[in-house]
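Have a look at the structure below, then the notes.
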Amino acid sequence: MKGILVLLAGFALLGVGLEALGLAAGEEHHGGFWNFIPLWDFAFGFVGAAILGLVARGLLKPLLARSEDWYDAAEGDR
Amino acid sequence: MNPLDWLAIPPLAHPGLWLALGALVTAIATATGVLGRRAASAPGILFAALAVFAASRAPSGSVDFRVARFDLVWYHADDLSVLFALVFSIVTLLGLLYGAHRLGPGETVAALLYAASAVATVLAGDWITFFVFWEAMAITSVALIWQGGLPESRRAGMRYLLVHAAGGAALFVGIALHASASGGVLDLGRLAATGPPFWFLLVGVGLNAAIPPLHGWLTDAYPEASTTGAVFCSALTTKTAVYALLRVFPGAEILVSLGVAMALYGVVFAVIENDFRRLLGYHIISQVGFMVAGVGIGTELALNGAAAHAYSHILYKALLFMGAGALIEATGRRRLTDLGGVFRSMPVAAILYLVGALSISGAPLFNGFISKSMTLSAAGEAHFYFAELFLSLAAVGTFLSVGLKLPWFAFFGKDRGIAVRPLPVNLLAAMAITAGLCLLYGVRPDLLYRMLPFAASYDPFTAGHLASNVQLLVGAAVLFALGFRRLAPTPTRNLDADWIYRGRPGRIARPLVTGARALGPVAQAVRSGALTAANRAIVRLAAPGALATGAVRRDPFSFRTPIGRTVLLAAMVVGWLLLASRL
Amino acid sequence: MKARLRAAAAALILGGLFVGLLAGVRDLPPIGDPSSPASTHVSPRFIEEARRETGALNMVTAVLADYRGYDTLGETAVIFAAGLGAFVILAASIGGPRRETPGPGLSHRVDSLLLDTAARVLAPFLLLFAVYVLVHGHVSPGGGFQGGVLFGLGLVTLRLVWGPPRPDRAASRFGPGVRASFLLASAGLLAYIAIGIAAMAFGGAFLDYGVLPLGQDPAHVRELATLGVEAAVFVAVSGTVAVLFETIAVGVAETGRPLPNEDPAPVEAREEG
Amino acid sequence: MIEALAGLLVALPLAGAALMPMVAVLRRRGTRWLAFGLHLLTFAAAAAVFARTAATGEAIAHRMGGWPGPFGIELRLDGLSALIALLVTGLSCFVASAPVDASRGATRRASPVREGLVRGALSMLVAGLVGIAATRDVFNLFVFLEISSLAVYTLVASGGGRATVAAFRYLIAGTAAGSLYLLGVGFLYGLTGTLNMDDLAARLPGVEADAALTAAVALIAAGLAIKAALFPLHGWLPDAYVFAPAPAAGFISAVMAKVSAYALLRLLGETLRGIPAGAMALETMVWLGTLGVLVGGGMALAQRDAPRMLAWSSVSAMGAILLAVGIGSPLALAGALFHVVAHALAKGCLFLGVGGLAETLGAGDRRALRGLGRRAPWTAAALTLAAFSMIGLPPTAGFSSKLLLLRASLAEGGPAGVAAFVALLASSGLAALYFLRVLEGIWFRPRPEGRPAQRLPRALAAPVLSLAVLVLLGGVFSAVVEREFVSGAVEAVAGATADER
């Protein structure tokens, strides 16, 4: 578990370093205003994943989940 | 002349020819008993290798076969079509190798014919040829799904067939409308995205591209195919549709929104899916969404991106389905809730699966990165900022479910002490080769870029691109690490668009499915399906009362028209002609 | 009730068709109208030139056997085909084993003095009249078809009264029997075709009688050849009439001399290799 | 010289029809080789005539009895007639030497005498069909129609048993057809005073009587449509094809209805084209043909019995041919004629093969064909090829012809054209379904227990194989077929129609 955390931290550092490198090299940048916020992608990755998880688990699943043999059961009464 | 140079001559350069030949040889060799069942895929592998070779050196240009005054362009090779033909051939070869230990003659022949039709579809230069092979693809893919062997495979295949028949109908109405509008010009080229022909073609092609809500067939049928069959299915049908969109509707703006919607739709459903092959199926929809959006953006870079993404996608998705198939073969289970902690028993397959998972997530140095970032950059450069944002979101979700959730709950997580069968060498070898290709293209993107249709130059390895991707992945990983328990799968199934024909509305068509379900082979499926009803109607019209007699009930279709009726009908025809021409 | 309704509907349809066709018929020129196309287009040549061109006194014969001789060949073939069909279909056991017991139908001789005498008196006249109708076709109504039918019916009359050949005797008591009748019919048709091809051999078209080396005057030659053609029709038709009678009324297996027999071979022998 | 050959084209098989029964009754033996020789000779004559018309582009005429034009009867073989004659005589060679067996499931072989008689009927049929193709006289056409019909009734009935009933039903329908046609010819003669087609075409525009002309066209069209098995007048076809003995069925299914379709094309598409009712009849034919394509395909799909399935697929094919004749553009005619050739070869092959196998097995259930691929791979391959052609798969002749038809219907446009296009495509799909399930049984299923081994008699295997080779060659060299065989025929008709416009 600890190893994984270290790995994550390492990648996070890599991400920060690369962004700094890109800024230093003066790379051309496209996109909406949000793309110019520093470390935007960290936030977007985290929040986006959270939103997706919430929408899917919180909103869709209660609506759509059925028992596994739902169709078969529905077909059975014909 | 080097014998292999013969493959550069147009008729022989058609990879589909070699795949079809492979099917023929397999059929004859196994039917006559020359080849045992266990070696059924051997000739197929050989011929698929020839197909790869032929595709890799296919000369560009087109060959029209003047069949009956009809300029049928059955070989139209430019960068775009050769790219698809090549990757189709490669994945066929890999898929056959993957399944070599269990492929019977029927499945081998079906797979080869399916691949041959797909290759012939992308190499077609006119609408008629295109349509013929498109339909052949639908039929052969059903044959492949049926080889899944379970009762559910048969039923799902039947539904797949009916849905694709409807899509094919829409497509050819579109072709007919286009042909009559253009005065009989049937060349496969760019079309205006307006008017009835566009909508019909969009429905016909979009169904194969699994654009929601026309995607129900994909997640319905693919999980029911055999482990090998799913590999072929994942690679061919949807990508042929992407090819068609690239060829015909580049720059149709509606495709941008459709593509983005697809990308998100697939991701959201994948998050709550339990059957892991259906989960991967949802990610086909999501990834095809990237390509569709790329087509819609329509700049050279975007089109390049869509083509490159299709190429990469076929490889890593095949790898993912191979991994999923390996899980099923090793454990006999297909739901995440039944799995857990098998990493130690099958580390090689698990690691190879992770290569595919990192590729689809767009991790740098894997082949998903080099094509996905191309599409995203193109969206940004063309000022489709929100498209870029939402596609990034879809990428995050992809990593969340394919890269984190699936491997965590299947390979790691709670150890259930599942007994694991050893995996055959050929299976692992096929996975290793595919993973190798994913890594190769990830490290040397120029190998892929030089095959792309446009010359637009692109460098994926800028610090900005790398930073953005790494940060996204890390962000998602952190969230997963914090909240993975909330993402745990549950043993449920989720309603989706297949509800349209399987759920309550589908009951209208229930006689169809009832008929189809009662039947084993195709023959009988057709006999008591829709056509039976139609035929009975014909019988009633032509010979009312014929159904009541015993002989006819036994075989209602061998009835005889009373000859007096023929004479009477003749009188009616005469009468009609007398009347009609005087009106 | 349903059947009746259906019949009524059929009657209605056919009645409607009848009315529709009637409207068409009203549009046709009146029968015998001298100014109708039928009377002005082709017919004048037949009326004015037939005697000179074909040598036939009877215009109908000229058209039938010469101008449109090819149709007549076709009609002869139609009649022969009917005979052939009857022979194949009805004579189910051609070449098969003979039946042990006589079947139904006219299998026995009718012993009646009255019928016998009447037939003896009538038949010769019938046969002779048939030949008269044939040869007189040139000048009066008649010809090969009519003569052939009469001749055939003469044979049939005798056959009806005198019965079939005795089962215990090898030879037929009377008449050519089905086999010979059939040969006769074939020969008639063949002869007609032979005349046609002979004309081609002498450099003309098919059935172009004028070129045959039968004399100097083409019209006269045509007249002779027409007679030959009519005779061929006569033979074919009378043969066919006899065949039809034999096959329909009697059946072939019971003739005194059955057709050459073959040992029935089982199916397996047929599977060569 | 070549004109003489044109005259002999009908005379030779007609002489054969008289000669072969004679030889059979007198000598019993030898009819097989006599028939083969005679048909080969006729075929050679037809080939020579065809080669000449193809080379010069001019028709070869033979005036019967030396009489000109409307006074006598003229045979004239242009590209179209010569193509039909070539097809008929060529196919007759394949079946001439085949044994004429009794009905399906016969336990005894037919006697040589009976075989000779049936060969005579076959020869008669050839004479009738070639006559229909060659003649330029509408009444003479009726005579040949009757000759061929009587010969066909005989051939069908020679199957014995249920075949006799089928033949009788065919006879009723055929006689009704002949009567309607003859009535129509009567109307025409009353209006124009001529029976010669060219003369008719020249004189008809001057005729004022609309109602009578309409009646004539309607009667002729309906009469010939019965013979050509145009839906819904196809009721006689399935039984007649199914119960006829295999060789006869092979020949009948290949050419019979198609020659009637030729007659429809000649009369409606050429002679009577200028009349409004003629155009109406052609338009009706497009729609009925389209329906026939679908109904025939659907019914074929529903059959258990393999020969019956083939028979219904013939209804579908005739629909395709007739709808193209109805469309009548040069492209459509090319498609129709190519389809005539392709379908004749493939269907002949299938009926000879499947019918022959069904006879040896005594059952037509398509399951009886299971396992054929192992037992007789060559026969199975030939049948597969022919089935591919029926479906319209490359590289067979059926593919090329289907394409031409599709293209023609597209080019026609309008509701009828689109409907025809859709129906033709759908029929290919249906054909794929019903043929593939038979092929699956042939190649991938074991032979059912207790069934006798299937084996085609050698005399049938040879024609089946050679026809399959022709089907393949016709597809591979479809450009050659189209250039050398079809285009001349189309020009013969299209030229005539162009003159009138």
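Any read-out appearing in this document is the output of simple, stated calculations on the displayed coordinates, not a laboratory observation. Only a predicted model underlies this, so the values are computations on that prediction, with no experimental measurement involved. Note that we place each Cβ from the backbone using ideal geometry, even for glycine, and neighbour counts take in every protein chain shown.
When shorter helices are ignored and each DSSP H run of at least 4 residues is given -39500 (n - 2.57), the per-residue value for chain D at 222 nm works out to -26000 deg cm²/dmol. Between residue C:33 and residue D:198, the modelled labels are 2.8 nm apart [label points 7 Å from Cα along Cα→Cβ].
Against chain D, whose longest principal axis comes from its Cα atoms, helix D:414-444 is set at around 20 degrees.
State whether region D:118-216 is rounded, prolate or oblate according to the following rule on the C-alpha gyration tensor (a ≥ b ≥ c being the square roots of its eigenvalues): a/c under 1.5 gives rounded; otherwise a/b larger than b/c gives prolate, and the remaining case gives oblate.
oblate
Rg of the Cα atoms in the protein assembly as shown, relative to 2.2 N^0.38 Å, amounts to 1.09. The Rg/Rh ratio of chain D, with both radii computed over alpha carbons and Rh defined as the Kirkwood radius, is 0.95. By other beta-carbon atoms within 10 Å, ranking D:62, B:101 with the fewest at the front produces B:101, D:62.
Measure nothing fancy, just the Cα-based angle from helix A:40-53's long axis to the longest principal axis of chain A, in degrees from 0 to 90, nearest 10. Approximately 10 degrees, to the nearest ten. Report the FRET efficiency, 1/(1 + (r/R0)^6), for residue B:383 and residue B:444, where r is their Cβ-Cβ distance and R0 is 30 Å, rounded to 0.05. With a Förster radius of 30 Å, E is 0.45. Rounded, prolate or oblate: which fits region B:284-407 when a ≥ b ≥ c are the square roots of the eigenvalues of the alpha-carbon gyration tensor, with rounded for a/c under 1.5 and prolate only if a/b beats b/c? Prolate is the answer for region B:284-407, as a/c is 1.5 or above and a/b outweighs b/c.
Distance from the alpha carbon centroid of region C:212-229 to that of region D:236-299 works out to 43 angstrom. Remark on region B:81-176: ratio of C-alpha radius of gyration to 2.2 N^0.38 Å is 1.14.
For chain A, find the longest principal axis of its Cα atoms and tell me its angle to the long axis of helix A:2-25, 0 to 90°, nearest 10. Once rounded, one gets 50 degrees. With q set to 0.13 Å⁻¹, the log10 of I(q)/I(0) for region B:234-358, from the Debye formula over equal scatterers at the Cα positions, is -0.56. Could you tally up the Lys pairs in the protein assembly as shown with alpha carbons closer than 20 Å? Skip any pair fewer than 8 positions apart unless they're on separate chains. Within the protein assembly as shown, the lysine pair count is 13. In this label model, residue D:1 and residue B:150 are separated by 7.7 nm, measuring between points 7 Å along each Cα→Cβ vector. Using the Cα gyration tensor of region B:1-243, with a ≥ b ≥ c the square roots of its eigenvalues, what is the shape: rounded (a/c below 1.5), prolate (a/b larger than b/c) or oblate (neither)? In terms of gyration-tensor shape, oblate.
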